[in-house]
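The values are calculated or read from the model by the stated rules, or taken from the named source; none is laboratory data. As the structure is a computational prediction, the values presented were derived from the model and not from experiment. Cβ atoms come from the backbone with ideal geometry, glycine included; neighbour counts cover every protein chain shown.
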Amino acid sequence: MRKDYCEVMKAIINVKIYDYETYIEDGYCIYGKEIIEVGEMKNFPEYDDEIIDGKNKILLPGLINFHTHIYSTLVRGASIPFNPKTFKDILEQLWWKFDSKLDNTSTFHSAMVYGLESLKNGVTSLIDHHASGIDIIGSLDALKSAIVDKLGMRGIFCFETSDRFNVEQCIEENLAGLKYDSSDAKGMFGLHASMSLSEETLDKVSRVLKGASIHVHVAESLEDEEDSINKYSKRVVNRYTYYGLLNKDSILAHCVHIDEDEAKLIIQNKAVIALNPTSNMNNAVGSFNINLFRENNIPIIIGNDGLGTNIAKEWTYFFFAGKAGIKDAAGIGFDELLKYINGSYDYFGRQMGIKIGKIKEGYVADFVLVPYINPTEMDETNAFGHVFFGLFDNFKPSCVIVKGKTLIENYKSNFDEEEIYNNALNASKALWERLGDN
């Protein structure tokens, strides 16, 4: 079998294959770092390399988390006085206190745990939006070292520039991240949110951006819009457009409270919206308006804002919350949902310079094996219904493969998990001491 192919190959056989477009009931997939051949088992060629039996499993593309905050990992269980009345209270009483005490050690160990738990939830790539007050310089290298170099995932990284921090260092760190240039790691230019960014800061960023895509929180709460209007007589998206920051493929996270004019600016500038349904519900900031996004044909990608690692769940919450927000039981159909899912893979592939999200020849071998025995008929017409209602609610792959390398096998990772968690525990103790939590 392809003896001229010098790369180590593996084959998954006797498996259902579904990539949100094509379904094979009983198929095989031969792969190295990329997929070499896919087909029905009746056509499986003579083969003498390693074989993985996928019987009673379904092979799916690995999931992608398009907006997260890895640093949130080590806040679990911390006692921080917390009695918020507004969204800004949530930031000031919890997250801004917490991230101000992060150094590169805590950032690295946060990423080791977060990446490992992401893999166990079938997430093979992520886009992170980082903040750390003690160590700004070197923080993206700490993230990349853990997520990409140690754990073998793919990632896009940025630092959320804010007037809370040393702005010059924020800019320097983002420019360093923009130098990442591989199919494994890339950078974007991070900004926190309009309400923590002065005119002076936006002007500084505009002078160094040189067409790079930004990654920024936009109108997550109504307070962000009110702050922008009261201080600058502009809505949030208009501010970024005024400074020439809204470049192609920029990620605007949340966009719960944007208006029609802002939606038009987003699509005119070829940016995308990253929705985070669970986080919006948790912070009680309101519901996104799916009608506004769809009427303006804005691409939608899905993140979780650092709240856990289960992105399959976020797609289900997007589906349900989108309906609830417009009070229409038929508000989002599977065809529309599939358009967003497939479009999100296209977006990530464009950023990384790879073909991803399909189980076809030439695409990267980033996929997951999930146990599934269908209780009803399953074919190409209803495969997504099985995946959405049968798997996404409790998405636990038994096998996770990234770049052709098996990272999770029989639910176990090939990393020293005890060491990863012990190191994180020690880092958290030092972090909590800085927070004043005994």
| Tell me, which residue of the range 414-437 that is more than 30 Å from Val400 (Cα to Cα) and of a type in the set (A, V, I, L, M) is modelled with the lowest pLDDT? | Leu435
| request: State all residues of the range 337-373 that are of a type in the set (D, E, K, R) and closer than 25 Å to Ser213 by Cβ; if no residue qualifies, say none. | output: Lys339, Asp346, Arg350, Lys355, Lys358, Asp366
| field | Some residue of the range 332-339 being more than 29 Å from Ser250 (Cα to Cα) and either among the acidic types (Asp, Glu) or out of contact with any Phe, Trp or Tyr (no Cβ under 9 Å at 6 or more places or on another chain) (or both) | value | no
| task | Go through (1) part of a strand (DSSP E or B); (2) over 27 Å from Ser183 (Cα atoms); (3) free of Cβ contacts under 8 Å to residues at least 60 places away in the same chain; (4) not basic (Lys, Arg) one by one and return the number of the condition Ala11 breaks. | result | (2)
| field | Subset of the range 40-57 [at positive phi and in a strand (DSSP E or B)] | value | none
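One line per residue, one yes/no per condition, for (1) crowded, with 23+ Cβ neighbours inside 10 Å; (2) of a type in the set (A, V, I, L, M):
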{"residue": "Cys170", "(1), (2)": "yes, no"}
{"residue": "Leu197", "(1), (2)": "yes, yes"}
{"residue": "Val208", "(1), (2)": "no, yes"}
{"residue": "Glu223", "(1), (2)": "no, no"}
| request: Please specify each residue of the range 1-14 satisfying the condition of being among the β-branched types (Val, Ile, Thr), farther than 23 Å from Thr381 by Cα and at pLDDT 95 or above. | output: Ile12
| query | If only one of Asp19, Asp99 is among the acidic types (Asp, Glu), under 30 Å from Met195 (Cβ atoms) and crowded, with 20+ Cβ neighbours inside 10 Å, which one is it? | reply | Asp99
| task | Please find, within the range 36-52, the residue that is nearest to Leu140 (Cα to Cα) out of those that are in contact with a strand residue (DSSP E or B) (Cβ under 6 Å, 6 or more places away or on another chain) and touching a residue at least 40 places away in the same chain (Cβ under 8 Å). | result | Ile36
| request: For residues that are in a helix (DSSP H, G or I) and among the acidic types (Asp, Glu), scanning just the range 383-424, find the one that is surrounded by the fewest Cβ atoms within 10 Å (Cβ to Cβ). | output: Glu418
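For every residue, the table says whether it meets (1) on the phi > 0 side of the Ramachandran plot; (2) at pLDDT 95 or above; (3) not in a loop (DSSP other than H, G, I, E, B); (4) not acidic (Asp, Glu).
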residue: Lys16; (1), (2), (3), (4): no, yes, yes, yes
residue: Asp26; (1), (2), (3), (4): no, yes, yes, no
residue: Cys29; (1), (2), (3), (4): no, yes, yes, yes
residue: Val38; (1), (2), (3), (4): no, yes, yes, yes
residue: Leu59; (1), (2), (3), (4): no, yes, yes, yes
residue: Ile64; (1), (2), (3), (4): no, yes, yes, yes
residue: Gly77; (1), (2), (3), (4): yes, no, no, yes
| said: Looking at the range 279-292, can you tell me whether even one residue there is closer than 21 Å to Lys204 by Cβ and crowded, with 21+ Cβ neighbours inside 10 Å? | reply: no
| Which ones in the range 120-141 are within 30 Å of Val368 (Cα to Cα) and either crowded, with 24+ Cβ neighbours inside 10 Å or polar (S, T, N, Q) (or both)? | Asn121, Gly122, Val123, Thr124, Ser125, Leu126, Ile127, Asp128, His129, His130, Ser139, Leu140
| helices (runs of 4 or more DSSP H) lying entirely in the range 201-299 (those with 3 or more residues that are out of contact with any Cys (no Cβ under 7 Å at 6 or more places or on another chain) and of a type in the set (Ser, Thr, Tyr)) | 236-242
| Out of all the residues in the range 417-438, which are among the acidic types (Asp, Glu) and touching a Ser or Thr at 6+ places or on another chain (Cβ under 7 Å)? | Asp437
